[in-house]
Amino acid sequence: MIEVVGVTKRYGDRVAVDDVTFTVRPGMVTGFVGPNGAGKSTTMRMILGLDAPTAGETRVNGKRYADHPAPLREVGALLEAKAVHTGRSAYNHLLALALTHGIPRRRVDEVIELVGLREVARKRVGGFSLGMGQRLGVAAALLGDPHTLVLDEPVNGLDPEGVRWIRQLLRSLVADGRTVFLSSHLMSEMELTADHLVIIGKGRLIADTSMAEFTNRFSRKVVRVRAQEAGTLRDLLVGPEVSVTALDGGLLEVHGLTSGEIGQIACRNAIPLDELTPVVASLEEAFMDLTQDAVEFAVHQDGLTERTAS
Amino acid sequence: MTATLPEAQRSSAPQPLPDDIRVTQLRVMRSEWHKFWSLRSSYFTLAATLIAMIGFGGLFAAVTANRWPHMRPVEQAHFDPTAVSLRGFYLAQLVVGVLGVLIVTGEYSTGMIRSSLGAAPRRLPVLVGKAVVFAVITLVVTVVTAFVAFFLGQYLLSSQHIETTIGADGVARAVVGTALYLTVVGLMGVGLGFVVRSTAGAIASLFGILLVLPVLGEALPTDWATNIDPYLPSNAGQQLMVVHPDPAALLGPWSGFAVFCGYAAVALILGAVLLRRRDA
C-alpha cells in the first residue's frame, strides 16, 4: 500500500504537485494518469524518497520508504529516466544493487532471465536500446521480489514488441497478486490494465476513482442512426433528456437513448432504418475533457501571476 | 489466469529470498567495492597513477643522475634524492583527484545515483561506502607505487652515488606520506563530488583549491603570506613529504597533514549534509 498525504512540491515559484492525497490499494493496478508535466514523475520520486515533499508526506506499507530496513523488498521502481551507469554491464549493475541488501546472486540471474536480457547481460549498458534499458529497469525493480511496484511510463518510447512485453509483464504481476502503481499520459494504456485511477493535471488531483466508475461516469454513449426519413425520425426522438445531431446522408447522432429504444420508436412509426450503431466514446476523450480544464486553468493562472508581477 | 502464463513470465522468485535481506553499511560498502571494480575507468586511472608515480619518478631520477656531473655546486647542495624519486606525485595527484571525483559525479551524470539512493535511501551509507572503498584501494595502490618509485629512483641515482636509503632520517615518512597525501587528495575529490555533483565543476574546484590557491598565496604581501600560506591545503599536506623539515616552520610534517585532513573532512561533511538535504 502506498499513501500520499497532502503532498506539495514547489520548485522555486513553480508548484509541481499541489496538495495531493490518494492511496494506492494493495493487490490491484492503480493507474496514475495526467498530461506530460502534470507532476506524475515528481510524485513517484517523492514516494521513493528521492525528492523531499515541500509539505505532506508519503508512506509505503505504513512507513516512509527510507525507514524500511530493506526498501527493495518493499517497493520495486522503474523511473522514467535511465538510472544506470552506462559504463557498467547489466549484470554488474544489478549485482551492485543486490549487494546493498544482501540479495543472493542467484536472484540477479533470475531477474535477468525473467526480463530476457541473458544474451546481453555482460555487455555495457551504454550500448543498450531503449527497450533493453527498460527491461533492465524492470529487472532492477523485481530484484527484491517486492510486493509493490512503481512504474513510471513503462511503455513510453517502446516499439510494439516492447509494449506487448510490458503488458504481459503487468498481467503476470497482477496474477501474482502484486500492487502496481503505474503512470501514463495515455488513457488507452489504462483501459487495458488499471482497476483504479488517480488522475492529476497541473499538479492537482482531478479524480480518484475506480475504473468502472470512471467508465460509467465519463464515457459518453452515442447511438448512430441512419434512415431515409432522418428528419421525421429526428423529431420523434428529441426530448428533454435526448439530443440529436443531424449529420450528412441521413445520419443522426443520438445522446440519451439506447439503440433498443430508438429501434422501438422507429418500428412503432414504421420508419425503416439503414443503420443503428451504439458508439462508446473512448475514455481517452473523457480524459482529455477532464484534464483540458486543468491545463487551461493553469495557463490562465500563469498569465494572471505574470500580469500581477509586472 | 496464472495457469495460462508461461513459466518465464512469472515474476516472483522461484525460491523465496533469505530472511536477513536488509541494508547495512557493510553491504553498501561491498556494493561500492563491486561498483568500483566493474568500471573500466577505475583500471585506467589506477594504471595512470602507476605510470605517473613510477614512470615519472624514474625519469626524473635518471635525468638527474645523467646531469649530476654538470650541475652547479648550489644545485648539488639542494639536491634531495627522496624528493626526486617521488616527484611523480605532482601528476599522480591529478589522476587520483579525478578518480575520487568520478566515482561520485559519474553516478550523477548517468543517473545511477537514483538507483544507488533508491537502494540505500538513508543516503549517508552511500557516501561512507564510497569514501572508505576509495581510501582503501587508493592507499594500497599509492603505498606500493610510492615504494616502487622510491627504490627505482634510488637505484638510478646510485650510478652517481647520490642515493639515500629508506632507513635514513625522514625518508620512510616521506615515502608513506606521499601515499597518504594522494589518498586524502582523492577523498577531497569524493567530498567535492557530492557537493558540486558535476564532473567538470568538481574537478575545477579540487584543482583550484590544490594548485591555484598556493600560487595566489605567493602573491600576498610577505607578512600575510608567512602566516597564511602554510595553512593552504596542499602546502599543509605536502609538509608530510619533506624529508628534512624546517624546525622553524609553522606546521611540522604531521601537523601539516592533520590540517590537510581537516580540509578533506570539511569537503566530505559538506557533501554529506547536502546529500541528505537535496533532491536526488
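Can you name every residue in segment B:163-178 that is in a helix (DSSP H, G or I) and in contact with a Leu (Cβ under 6 Å, 6 or more places away or on another chain)?
Correct list: B:G177, B:T178.
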Return the residue satisfying two criteria in turn: it lies in segment A:174-191 and is at pLDDT below 90 and within 12 Å of chain B (Cβ to nearest Cβ), and of such residues it is surrounded by the fewest Cβ atoms within 10 Å (Cβ to Cβ).
A:G177
Among the aromatic types (F, W, Y) and either in contact (Cβ under 8 Å) with a residue 40 or more places away in the chain or not in a helix (DSSP H, G or I) (or both) - does that describe any residue in segment B:90-102?
no
Looking only at segment A:70-126, count how many residues are facing another protein chain (nearest Cβ under 9 Å) and in a loop (DSSP other than H, G, I, E, B).
14
Scan segment A:63-79 and report the pairs whose first residue is within 17 Å of A:L94 (Cβ to Cβ) and whose second residue is crowded, with 18+ Cβ neighbours inside 10 Å and of a type in the set (S, T, Y), with Cβ atoms within less than 7 Å and a gap of 6+ or a chain change.
A:P71/A:Y65; A:V75/A:Y65; A:V75/A:T148
Candidates B:L86, B:L117, B:L127 - the one that is in contact with a Ser or Thr (Cβ under 9 Å, 6 or more places away or on another chain) and aliphatic (A, V, I, L, M):
B:L86
Looking at segment B:62-79, is at least one residue crowded, with 17+ Cβ neighbours inside 10 Å, touching a Phe, Trp or Tyr at 6+ places or on another chain (Cβ under 9 Å) and not in a helix (DSSP H, G or I)?
no
At pLDDT below 95 and within 20 Å of B:F194 (Cβ to Cβ), is that true of B:G111?
yes
Is it true that some residue in segment B:197-207 is of a type outside the set (A, V, I, L, M, F, W, C), touching a residue at least 24 places away in the same chain (Cβ under 8 Å) and touching a His at 6+ places or on another chain (Cβ under 8 Å)?
no
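Given the structure, is B:G201 buried (at least 19 other Cβ atoms within 10 Å of the Cβ) and modelled with pLDDT of 95 or more? Full working, then the answer.
On the way: buried (at least 19 other Cβ atoms within 10 Å of the Cβ): no; modelled with pLDDT of 95 or more: yes.
Against the criterion (buried (at least 19 other Cβ atoms within 10 Å of the Cβ) and modelled with pLDDT of 95 or more), B:G201 does not qualify.
On the given criteria, is A:L136 at pLDDT 90 or above and buried (at least 24 other Cβ atoms within 10 Å of the Cβ)? First the steps, then the outcome.
Working: at pLDDT 90 or above: yes; buried (at least 24 other Cβ atoms within 10 Å of the Cβ): yes.
Yes: the conditions hold for A:L136.
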So B:V126, is it surrounded by fewer than 24 Cβ atoms within 10 Å (Cβ to Cβ) and either of a type outside the set (K, R) or within 17 Å of the chain's Cα centre (by Cα) (or both):
no
Residue list for segment B:135-147, filter: surrounded by fewer than 17 Cβ atoms within 10 Å (Cβ to Cβ) and closer than 17 Å to B:A48 by Cβ
B:V140, B:V144
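For segment A:55-63, state whether one or more residues are over 22 Å from B:K35 (Cα atoms), in a loop (DSSP other than H, G, I, E, B) and not acidic (D, E). Please lay out each step first, then the result.
Residues of segment A:55-63 over 22 Å from B:K35 (Cα atoms): A:55-63.
Going one step further and asking which of them are in a loop (DSSP other than H, G, I, E, B), we end up with A:61-62.
Imposing the further condition that a residue be not acidic (D, E) reduces the set to A:61-62.
Yes - at least one qualifying residue is present in segment A:55-63.
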Evaluate the following for A:R64: is it under 21 Å from the mean Cα position of the chain (by Cα), surrounded by fewer than 19 Cβ atoms within 10 Å (Cβ to Cβ) and closer than 20 Å to A:P26 by Cα?
no
Residue match in segment A:281-303 (condition: modelled with pLDDT under 85, loosely packed, with under 12 Cβ neighbours inside 10 Å, aliphatic (A, V, I, L, M) and within 30 Å of A:S41 (Cβ to Cβ)):
yes
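Only one residue in B:G106, B:G153, B:G118 is more than 15 Å from the chain's Cα centre (by Cα), on the phi < 0 side of the Ramachandran plot, buried (at least 24 other Cβ atoms within 10 Å of the Cβ) and within 12 Å of another protein chain (Cβ to nearest Cβ), so which one is that?
Values: B:G106 fails: buried (at least 24 other Cβ atoms within 10 Å of the Cβ); B:G153 fails: within 12 Å of another protein chain (Cβ to nearest Cβ).
B:G118 is the lone residue from the list that is more than 15 Å from the chain's Cα centre (by Cα), on the phi < 0 side of the Ramachandran plot, buried (at least 24 other Cβ atoms within 10 Å of the Cβ) and within 12 Å of another protein chain (Cβ to nearest Cβ).
Would you check if there is a residue in segment A:91-112 being under 26 Å from B:W37 (Cα atoms), hydroxyl-bearing (S, T, Y) and at pLDDT 95 or above? Even if it seems obvious, please write down each step before you answer.
Our first condition is that a residue be under 26 Å from B:W37 (Cα atoms); within segment A:91-112, this holds for A:91-112.
Add one more test, that the residue is hydroxyl-bearing (S, T, Y), and what stays is A:91, A:100.
Among the residues that remain, those that are also at pLDDT 95 or above are: A:91, A:100.
Within segment A:91-112 (the criterion being under 26 Å from B:W37 (Cα atoms), hydroxyl-bearing (S, T, Y) and at pLDDT 95 or above), the answer is yes, since at least one residue qualifies.
Residues checked against (1) buried (at least 16 other Cβ atoms within 10 Å of the Cβ); (2) farther than 30 Å from A:V7 by Cα:
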position: A:P160; (1), (2): no, yes
position: A:L197; (1), (2): yes, no
position: A:M211; (1), (2): yes, no
position: A:N216; (1), (2): no, no
Segment B:211-228 residues that are acidic (D, E), paired with ones that are outside any helix (DSSP H, G or I) (beta carbon under 6 Å, 6 or more apart)
none
Could you go through segment A:37-53 and let me know if any residue there is modelled with pLDDT under 95, more than 8 Å from chain B (Cβ to nearest Cβ) and surrounded by fewer than 19 Cβ atoms within 10 Å (Cβ to Cβ).
yes
Looking only at segment B:11-61, count how many residues are charged (D, E, K, R), closer than 18 Å to A:P69 by Cα and loosely packed, with under 15 Cβ neighbours inside 10 Å.
2
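Can you give me the ranges of the strands (runs of 3 or more DSSP E) entirely in segment A:149-245 with at least 2 residues that are more than 26 Å from A:R268 (Cβ to Cβ)?
Values: elements: A:179-184, A:196-201, A:204-210, A:221-227.
Because the criterion is at least 2 residues that are more than 26 Å from A:R268 (Cβ to Cβ), the strands (runs of 3 or more DSSP E) in segment A:149-245 that meet it are A:179-184, A:196-201, A:204-210.
The values are calculated or read from the model by the stated rules, or taken from the named source; none is laboratory data. Everything numeric in this text was worked out from a predicted model, so none of it was measured. Here Cβ is always computed from backbone atoms with ideal geometry, including for glycine, and neighbour counts include all displayed protein chains.
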